[in-house]
Amino acid sequence: MQGIGGPPAKALRTPRAAGAAGILAALPLGGTMILVRRALPAHPISEAAYLADTAGHHALRVALILLPFGGIFFLWFMGAVRDSIGAREDRFFTTVFLGAGLLFVAMLFVFGAAADAFLATIDTIRDPSQPIAFWPYGRHLTLVLMTEYAPRMAAVFTLTTTTIATRLGLFPRWLSWLGYVVGLVLLLVVSSVAWSEVIFPVWVLIVGCFLIAAHSRMISANLPNK
């Protein structure tokens, strides 16, 4: 392709920083999930007790700071994975892969908006003994978005990514088995076992490290022998 009145345009290349996207995504995502579990009790407590828990409010605010970076770096991670697939991608699996990943990021930001509104409403309450009609709804909405719906989209993303990489021979056997186990846990167990959603950023971290190592090996193999 040639620009108007200029030299031929250069083809876009994947930035080198994309190789570290898995690590950069896993850290804020994992931190966000841990802080949300710290900030929102798994079982309902009294409104006055939650209003008095200022440490929990602070943890949720820190989670909302980390959340956008986790979503942005996760999009980079998706790009790095797709770049590793190359022209061999299958349309069906690629569609599911992209759809699940984008829905996961969308649910993260929906959670962020809901949690921010939840905190803003709490900040307007001055009397801790005042009954809070919205408390059960706000607590359940923010908790279920982060610990049930988003992880299930993460499960579809994990299973699809693992299937594509396994069929193309990109993942070793141990990483393929790990991906299927993580995907099934996120799909079937996450709503009944607390903290199980944290395995997703751990999986992203492992895959990110593997992609960096694989890219380094490929560069070393292509270097001319002296």
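Values quoted throughout were computed directly from the atomic coordinates according to the rules given, and no laboratory measurement underlies them. Keep in mind it's a predicted model, so treat the numbers as computed, not measured. Cβ: placed from backbone, ideal geometry, glycine included. Neighbour counts: every protein chain shown.
Subtracting the Cα-Cα distance of Leu98 and Leu188 from their residue separation scaled by 0.36 nm leaves 30.3 nm.
Charged neighbours of Leu141, selected by a Cβ distance under 15 Å, balance to -1 (K, R count +1; D, E count -1).
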